[in-house]
Amino acid sequence: MKIGLLNGPNLNMLGKREPEIYGKLTLDDIYEALKNQAGKEHEIIAFQSNIEGELINFIQLADERGIEFIIFNPGAYTHTSIALKDAISGVKVKVIEVHISNVYKREKYRQKSYISSVCIGKISGFGLESYEMALYYILKKACKK
């Protein structure tokens, strides 16, 4: 199975940006941890962009690339992008929204997500484990047929 790992704006700065909120892990750390968790029988396709349209393109092309699930941290676009919501609504791929920090303990504007209503779930506040929990769901729950 192919699983997308999609990260939005400023997440390329993980490990450098506000470590008191986001910790010291990097996107490479997240990717490596998920690759190890997924094993050789599953492929993790990772992509990060600071550009909203590139994130939309990844989502729109997921079906034809054979991606069945996307683990998606949209960063600040969570709170602003109707376009990402529309992109998710327009594809068959299932999306799990993840956040490193607990958005409900932060500024009020971070508590609104435009994409939650079109995702199969949302995991927030557990750092790297937010991603790992999403992958656990995909591998242990969603893959049972």
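Of all the residues in region 82-102, those that are buried (at least 19 other Cβ atoms within 10 Å of the Cβ), at pLDDT below 95 and not in a strand (DSSP E or B) number 1.
Does residue 35 satisfy the criteria of being among the basic types (Lys, Arg) and modelled with pLDDT of 95 or more? When the stated conditions are applied, residue 35 passes them.
When the residues of region 62-81 are filtered to those that are among the polar types (S, T, N, Q) and crowded, with 22+ Cβ neighbours inside 10 Å, which remaining residue is farthest from residue 137 (Cα to Cα)? Among residues in region 62-81 that are among the polar types (S, T, N, Q) and crowded, with 22+ Cβ neighbours inside 10 Å, the one farthest from residue 137 (Cα to Cα) is 78. In this structure, does residue 3 turn out to be over 20 Å from residue 125 (Cα atoms), surrounded by 14 or more Cβ atoms within 10 Å (Cβ to Cβ) and touching a His at 6+ places or on another chain (Cβ under 9 Å)? Against the criterion (over 20 Å from residue 125 (Cα atoms), surrounded by 14 or more Cβ atoms within 10 Å (Cβ to Cβ) and touching a His at 6+ places or on another chain (Cβ under 9 Å)), residue 3 qualifies. Checking the structure you have, find out if any residue of region 21-41 is surrounded by 20 or more Cβ atoms within 10 Å (Cβ to Cβ), touching a residue at least 24 places away in the same chain (Cβ under 8 Å), under 17 Å from residue 9 (Cβ atoms) and in contact with a strand residue (DSSP E or B) (Cβ under 6 Å, 6 or more places away or on another chain). For region 21-41, residues surrounded by 20 or more Cβ atoms within 10 Å (Cβ to Cβ), touching a residue at least 24 places away in the same chain (Cβ under 8 Å), under 17 Å from residue 9 (Cβ atoms) and in contact with a strand residue (DSSP E or B) (Cβ under 6 Å, 6 or more places away or on another chain): absent.
Remark: pairs (first residue in region 48-65, more than 13 Å from residue 77 (Cα to Cα); second residue among the charged types (D, E, K, R); Cβ separation under 7 Å; 6+ apart in sequence or on different chains) = 63/92; 65/2.
Scanning region 6-20 for residues that are exposed (fewer than 13 other Cβ atoms within 10 Å of the Cβ) and either at pLDDT 90 or above or farther than 14 Å from residue 99 by Cβ (or both) yields 16, 17, 19, 20.
The values are calculated or read from the model by the stated rules, or taken from the named source; none is laboratory data. What you are looking at is a predicted structure, and each value in this text was computed from that prediction instead of being measured. Positions of Cβ are backbone-derived with ideal geometry, glycine not excepted, and every protein chain shown enters the neighbour counts.
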